[in-house]
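Notes to accompany the following structure.
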Amino acid sequence: MLRRVWQDKICRVTAATIVQDTPELIALYWGPGYPLKSAKNLLVVTSGPLNDLCDHTWGASKLLMLVSPGAAHAVYAMWGDDHTFWGWYINLQEPLRRTPIGFDTMDYLLDIQVSPDRCEWSWKDEADFNDAVEAGNISVDLARAIRSEGERAIKLMKEGPSSFYDTWKRWGPPTEWEIPKMPLAWGERYFES
């Protein structure tokens with residue numbers, strides 16, 4: 001399970017399959033039909049009440065999350081249902097924390113879309129991010145650190161070895177993989193108070 005947790009509240013739970021778990025790289029996959037629970041990101045500024053977690057299934061796209069342990073971002077490789085490679089996505093987030101059922105993190109709203117050839121990129125969801133900073137949901141110091149991490153991640157993607165990205169771009173889930181079930185313990189408190 002990959003959970004998004006903010007101030008002891010869970011706002012998303014995604015069932016995932018572990019592709020790789022080494023000291024250098026954690027790779028998680030989820031695709032069509034994978035179960036998830038979601039509510040509005042707790043950092044988003046809203047005037048309405050926060051909604052409860054609702055059951056969903058992942059749509060038609062296939063997603064592989066690549067993250068170095070300790071990094072404050074993850075690189076997503078994304079494909080369509082016909083396995084056409086769509087491109088890369090940098091998710092700015094808290095470093096992963098291990099739990100007995102997987103990993104906890106928190107999505108910091110600000111993301112980066114990157115072209116399939118890694119030559120072009122653009123910030124995504126800047127308005128939501130700026131609103132969260134203005135409302136005090138994200139401190140000014142943390143916002144600076146998040147943007148700095150984004151710039152570092154872009155540089156790593158542009159200068160990183162093509163062989164690494166080419167290998168993952170060609171990767172695909174084995175056909176015999178089954179869709180995991182949502183564990184009963186998805187809501188357990190594995191995070192620190």
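List of remarks:
- Residue 71 vs. criteria at pLDDT 95 or above, among the hydrophobic types (A, V, I, L, M, F, W, C) and in a loop (DSSP other than H, G, I, E, B): yes
- Single residue of 133, 140 found to be free of Cβ contacts under 8 Å to residues at least 40 places away in the same chain, among the aliphatic types (A, V, I, L, M) and either in contact with an Asp or Glu (Cβ under 7 Å, 6 or more places away or on another chain) or surrounded by 18 or more Cβ atoms within 10 Å (Cβ to Cβ) (or both): 133
The rows are residues; the columns are (1) under 25 Å from residue 145 (Cβ atoms); (2) within 14 Å of the chain's Cα centre (by Cα).
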| residue | (1), (2) |
| --- | --- |
| 10 | yes, no |
| 19 | no, no |
| 29 | no, yes |
| 38 | no, yes |
| 62 | no, yes |
| 74 | yes, yes |
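- For residue 19, the criteria (1) crowded, with 20+ Cβ neighbours inside 10 Å; (2) modelled with pLDDT of 95 or more hold in every case but one, which is (1).
- Filter pass, residue 34 being free of Cβ contacts under 8 Å to residues at least 60 places away in the same chain and not polar (S, T, N, Q): no
- Matching residues in region 92-111 - criterion: being over 14 Å from residue 3 (Cβ atoms) and out of contact with any Gly (no Cβ under 6 Å at 6 or more places or on another chain): 108, 109, 110, 111
- Residues in region 86-135 that are in a strand (DSSP E or B) and of a type in the set (Phe, Trp, Tyr) were compared, and the one that is nearest to residue 182 (Cα to Cα) is 103.
- Residue tally, condition under 13 Å from residue 117 (Cα atoms) and of a type in the set (Lys, Arg), over region 148-167: 1
- Candidate set: region 22-44, residues that are part of a strand (DSSP E or B) and among the hydroxyl-bearing types (Ser, Thr, Tyr); chosen: the one surrounded by the fewest Cβ atoms within 10 Å (Cβ to Cβ): 38
- Picking from residues in region 147-188 that are of a type in the set (A, V, I, L, M) and outside any loop (DSSP other than H, G, I, E, B), the one that is surrounded by the most Cβ atoms within 10 Å (Cβ to Cβ) is 153.
The values are calculated or read from the model by the stated rules, or taken from the named source; none is laboratory data. Remember, predicted model here, so these are calculated numbers, not experimental data. Note: ideal-geometry Cβ built from the backbone for every residue, glycine included; neighbour counts use all protein chains shown.
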